[in-house]
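Novice: Supplied in structure tokens, the structure appears directly below.
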Amino acid sequence: MLRIAHVSDLHVLSRTGVEWRRILFNKRITGLANLVLRRGRVHRRDYLLAVLASAAAHADHVVVTGDITNLALESEYEESRRLLDGVARSAEVTVVPGNHDIYLPSVARERRFFHHFGAFLRSDLPAFAVDLPAGSYPVVKLRGPAAIIALSSAVPRPPFVAAGVVGEAQRAALTRLLAHPEVARRTPVVLIHHPPVDGRSRLARFRDGLVDAASLRSVLEPLERGLVLFGHLHVRVRCVLKTAAGALDVVAASGAALDHPDSSIRAGFNLYEIDDHGRIATVEAHVFDPEGGTLRRTTIAAREGCV
């Protein structure tokens, strides 16, 4: 049984304080305003540490679906890497970038995400990858019954826009990758930050959804089974996406540090178990309990139809 823990949206803050010279006169000032007005009150470091420790203890592989940092500051990248190195002492780690990790064009040009997290992005089939702002994707790791496939949807955007895109080149590479015999015989576990299914209004999808979600779903259409894991929305949800050959479980993890009364939003991680035959045996959530300071296991109810 392969056990995969899914965490997302860590939003690790700079422990050295605000680096004003790197924030003024660019998009980061809007992120700082969000931090001061809202995010600083709901993201708790003690919750995050408990979630990461529990995820590492329960899983063979921990996957992180983006927004690891809050403003893509160097100090945030360094602290995030330190935290994930701690996880990697107990379980393998794979990450994908979120919009907060590729906050500015300069961060993309300098490939800061790959510089810090490249150790978690070593592909078993690197020839299928294409160069993108956050590194080379798709990344695939062939692990027992599963093919863990990391995609990048993170691109720099202007202020107040957080939408993502997979892009034609990466979609074409993913199509070729899924046809590879070593991938095709395994259950795919696709990682992406932005929602591949999204029932919100067209305006909301344009502002912070996945621009080419329908095109990505078309690439996944031939699959018989698998998991598609994402974050970004800060809510824990699960739906069944019908395909031409079967169905995919599409599951979102909430923010790993969120303090919220709603248990579908509060900090935690999801746990998936894939048996030796490639069947998805378990889909559950481990949610932080503020009173006991521990994580409690609960189900994630699936709804039929994702879009």
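Novice: When all C-alpha to C-alpha distances in the chain are sorted into bins of 20 Å, what percent of pairs does each bin hold, rounded to whole numbers?
Specialist: Computed distribution, short to long bins: 37, 60, 4.
Novice: Using +1 at the Cβ of each Lys and Arg and -1 at the Cβ of each Asp and Glu in the chain, identify which of Ala252, Leu203, Gly292 lies farthest towards the dipole's positive end.
Specialist: Leu203
Novice: Same structure, new question: To the nearest 500 deg cm²/dmol, what mean residue ellipticity at 222 nm is calculated for the chain from DSSP H runs of n ≥ 4 alone, each contributing -39,500 (n - 2.57), summed and divided by the residues? Walk me through the numbers on the way to the answer.
Specialist: On the way: 9 runs with 78 residues, N = 307.
Theoretical 222 nm ellipticity from helices: -7000 deg cm²/dmol.
Novice: So, by mean Cβ neighbours within 10 angstrom, what's the order for 49-55, 300-306 with the highest one leading? Could you put the intermediate results ahead of the total?
Specialist: Numbers: 49-55: 20.6, 300-306: 13.1.
In descending order of packing, they fall as 49-55, 300-306.
Novice: From the convex hull of the Cα coordinates of the stretch 256-295, what is the mean projected area in square nanometres?
Specialist: Numbers: hull surface 12.9 nm².
The number I arrive at for the stretch 256-295 is 3.2 nm².
Novice: If you plug each phi of the stretch 268-280 into the Karplus form 6.51 cos²θ - 1.76 cosθ + 1.60 with θ = phi - 60°, what whole-Hz ³J(HN,Hα) values come out, in order, with x for Gly and Pro?
Specialist: Each residue of the stretch 268-280 in turn: x, 9, 9, 10, 10, 10, 10, 7, 5, 8, x, 7, 7 Hz.
Novice: Related question: Asp124: net charge of surrounding residues, Cβ under 10 Å, Lys/Arg +1, Asp/Glu -1, itself excluded?
Specialist: Working: positive: Arg122, Lys141, Arg143; negative: Glu182.
Counting the neighbours of Asp124, the net charge comes to +2.
Novice: On alpha-carbon atoms, Rg over Rh for the stretch 42-111 using Kirkwood Rh? Spell out each step's value before the answer.
Specialist: Details: Rg = 12.6 Å, Rh = 12.8 Å.
Result: Rg/Rh = 0.99.
Novice: Here's a follow-up. Starting from the exponent 0.38 and prefactor 2.2 Å, build the expected Rg for the stretch 81-123 from its residue count and divide its actual Cα Rg by it. Please report the intermediate quantities before stating the final value.
Specialist: Working: Rg = 11.2 Å, N = 43, 2.2 N^0.38 = 9.2 Å.
For the stretch 81-123, the normalised Cα radius of gyration is 1.22.
Novice: Could the peptides 270-282, 230-242 be put in order, highest first, of the mean number of other beta-carbon atoms found within 10 Å of their residues? Write out the running numbers ahead of the final one.
Specialist: Working: 270-282: 16.8, 230-242: 20.7.
By packing density, highest mean first, the sequence is 230-242, 270-282.
Novice: Now a separate question. Starting from the Cα gyration tensor of the stretch 165-284, take the square roots of the eigenvalues, sort them a ≥ b ≥ c, and report rounded, prolate or oblate (rounded when a/c is under 1.5, otherwise prolate if a/b is larger than b/c, else oblate).
Specialist: On the way: a/c = 2.15, a/b = 1.23, b/c = 1.75.
Verdict is oblate for the stretch 165-284.
Novice: When averaged across all projection directions, what area in nm² does the alpha-carbon convex hull of the stretch 199-249 cover?
Specialist: 3.7 nm²
Novice: At q = 0.11, 0.12, 0.15 Å⁻¹, what log₁₀ I(q)/I(0) does a Debye calculation on the Cα points of the stretch 75-222 give, no solvent, two decimals?
Specialist: -0.42, -0.50, -0.79
Novice: Follow-up question, since we're still on this one. In terms of modelled amide H atoms, which long-range or inter-chain residues lie less than 5 Å from the amide H of Val235?
Specialist: Close amide H contacts, sequence-distant or interchain: Gly255.
Every read-out reported here was derived from the displayed coordinates using simple, explicitly stated rules and does not represent laboratory data. Just so we're clear, the structure is a prediction, and the values are computed from it rather than from any experiment. Every residue, glycine among them, receives a Cβ derived from its backbone with ideal geometry; neighbour counts consider all protein chains shown.
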